[in-house]
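Taken together, the values in this text are just the output of simple stated rules run on the coordinates, not laboratory data. These numbers were taken from a predicted model, which means no experiment stands behind them. Please note: Cβ atoms are built from the backbone with ideal geometry, for glycine as well, and neighbour counts cover all protein chains shown.
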Amino acid sequence: METVDLLLIHGAVVTMDAAGRIFLDGAVAVRGNEIVAVGSSEDLTARFTAGETLDCQGCAIIPGLINAHAHVPMSLLRGLVADQQLDVWLFGYMFPVESRFVDPEFVFTGTQLSCAEMIRGGTTTFVDMYYFEEEVARAADLAGMRAICGQTVMRLPTPDAASFDEGLERARAFIEQWHGHERIIPTIAPHAPYTCTDTIYREAAALCRRYGVPLVTHLSETEREVEESRREREVTPIRYAKRVGAFDGKCIAAHCVHATEDDIRLLKEGHVGVVPCPSSNLKLASGIAPLRRFIEASLRVGLGTDGPASNDDQDMFTEIHLAALLPKGVSGDPTAVPAHDALALATSSGARAIHLDHLIGSLEPGKRADIAVVALGRLHSAPRYHYAPDALYSHLVYGARSADVRDVLVDGRFLLRNQQLLTIDEDDVLRRAQAIANRIDVFLAAREDNLLDKILAIGGVQQSEIFEVQAKALIDPQTAERVIQALHESDITITKASERTQYDTYFLWDDEERGRIRIREDHRTDPGARVEPKYTITLMAPAQRGEYRMAVLFGRARYTALADRTLRFYREYFQPDRIVEIEKRRRRWRIQYRDADFAVNLDTLIGHARPGPYLEIKSRTWSRKDAEHKVELIGELLRRFGVSEDALIKQEYVEFETAVVER
């Protein structure tokens, strides 16, 4: 007889293999981290002598469940906010709280809390996307779980990177640090097309191809996201991802709720793992993914919980249950996504979606011993019928609960035994989690004065590039003419010219950390321009200045929306401590110089003690590296325009001594 380390016997073994084999009195033999045999208890007990035998009478033995999309540290934000639109939820609550509180301790503690929850629910593998991903990897490793850990990169500042250049470098270092680990796969996760740039996706895809790891991203989560992508890029988010190389290697795409038929074809051709998150998609009103169509098209489909801040749990049994029910409800067809197919989404099909089906997802010899033992016959799942073996799928999908999980193994090692966690101190994690939540609670209680929350409530907010490089000079009329002449030189390309009158009203607060708000009324005065004025409202966060000899670099968040209310309304709504009003006549040229975009403005301030003219050269970008390069180019332009360093002014117009209206 052969010797194995562990023999699980007398359980209903649901293999989820290609043949769909079920052994009602079944057994699984494990040696080291691998499954060496699956069959009847009678057969395996006759063939093997085990170092340990586990009686699974009255239980189902199933492959460990796969949570194919999550943000596991966000368990610490569970219950933070609900019943909001996705953009308000994300930009008004998640991003501000994360920017203030997310640090390595937050990420490690949140991941431990999530790992404990997932293990108790039979999940053995998860795919994550968050910040300080090395802490997610460390916590998952200590918990004994299998994980694909995606270091998030965005064009916006994140808790662990001030710019996307830094984010890309952080991801590269993380992958190199953890590459080759037996259970942890480190990778990069460009957040989504609406928060990233072409450069981010292309560099992320190249990094993934280099190390053979899957790129993780969000695609087509909401109808609004798809509409904006078509308007701004003329393609859907999924086609855009294809265009920027996201599908050139392995890819895991979360949500895909609003995938078109063309998108489905692209996803299939690219062998992309598609991961709807039913609970989260419902709670955020993102929609219901076409799961039945995905399965019919033979896509690699899995299921995810998404983050606990939008779910609010990481219970894969709930996701399986919804995956079976929702397609029936929307189609009127009770045969849509039968129980077997729903369970496959979190096991065999889910393993294909995350490109690990050669290792996990089914109970077969040669695969890793990632196993969950689920108690049957509880009050909510009794009685059982045995006349049809396939009835066990229905029992697990429609009747079983995460609380029914008795034992969990990963790589043949027990993480949960008799419902006792073995690798995580549950009481200690709960204590540390609540301590962090208490600090966030204090912050949230004071959020009534938060300007971003207030401007988001208005709707339609867009975030601008975070780095602005600017040079301003007080010049004479002769220099102004020289500027105009120089703009027409052969190596400067004018892409657009305009004339306008702008009325800017600034709302200022004594506490400068609150930022400032600008309401702009913009009248075009050049021939053929629009007749109607344009009104915008912009929130500018406090700036981090970097002063150079010929320019100033501002790093700050900017949020802009259309202003469709009266100035009186905004004044009463925001209640500023001071108001500054600026009126200016502006001639603007948008130019390209050495493949960089700049705005060149000649301004005259109306009613000001020093009306000008003023020369202003500015450009915005998501990249600090790009901004610093543009500082050098601005210096070149100033020299060509004949502007001396003595003429430069290191202030913005709102900082000038201007007429101030007290509230």
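A few points about this structure:
- Under a 5 Å amide H cut-off, with hydrogens placed 1.01 Å from N, TYR548 pairs with LEU553 among residues at least 5 apart or on other chains.
- Shown in residue order for segment 104-113 are the 3J(HN,Hα) couplings computed by the Karplus curve 6.51 cos²θ - 1.76 cosθ + 1.60 at θ = phi - 60°: x, 5, 4, 5, 5, 5, x, 5, 4, 4 Hz (x for Gly and Pro).
- Karplus-derived HN-Hα couplings along segment 2-10 (A = 6.51, B = -1.76, C = 1.60, θ = phi - 60°), whole Hz, x at Gly and Pro: 6, 10, 10, 7, 8, 10, 8, 10, 6
- For a 4.7 Å threshold on C-beta separation, the list of partnerless cysteines in the chain reads CYS115, CYS149, CYS196, CYS208, CYS251, CYS256, CYS277.
- For segment 282-364, the percent of C-alpha pairs falling in each 5 Å distance bin, counted from 0 to the bin holding the largest distance, reads 3, 14, 24, 25, 20, 10, 3, 0.
- Cβ-based net charge around HIS488, under 13 Å, with every Lys or Arg adding one and every Asp or Glu removing one: -1
- Table column - 3J(HN,Hα) (Hz), segment 256-271, Karplus curve with 6.51, -1.76, 1.60, x for Gly and Pro: 6, 4, 10, 5, 8, 4, 5, 4, 4, 4, 5, 5, 5, 4, x, 6
- Above 48 Å, the calculated P(r) of the chain contains 25 percent of its Cα-Cα pairs.
- Spatial extent of segment 65-439: Rg and Dmax, with the Cα atoms as the point set, Å: 19.3, 61
- Considering only LEU396, LEU77, ALA37, the residue lying farthest towards the positive end of the dipole of the chain is LEU77, judged by Cα position with unit charges set on Cβ.
- Projection of the Cα convex hull of segment 451-662, averaged over all directions and equal to a quarter of that hull's surface, yields 12.0 nm².
- Counted without the sites themselves, the longest stretch of the chain free of GluC sites (Glu not before Pro) in a DSSP loop having at most 14 other beta carbon atoms within 10 Å is 235-488.
- Cα gyration tensor, segment 88-211 - rounded (a/c under 1.5), prolate or oblate: oblate
- Computed about its Cα centre, the charge dipole of the chain is approximately 1380 debye, with only Lys, Arg, Asp and Glu carrying charge at their Cβ.
- Pairs from the list LYS496/LYS534; LYS454/LYS618; LYS496/LYS618; LYS496/LYS630 with a Cα-Cα gap above 24 Å: LYS454/LYS618.
- Beta bridges by DSSP in the chain, antiparallel share as percent, to the nearest 5: 75
- 5 angstrom amide H check on THR123, placed H, neighbours 5+ away: LEU65
- Degrees separating the helix 624-640 axis from the principal Cα axis of the chain, which is the longest one: 20
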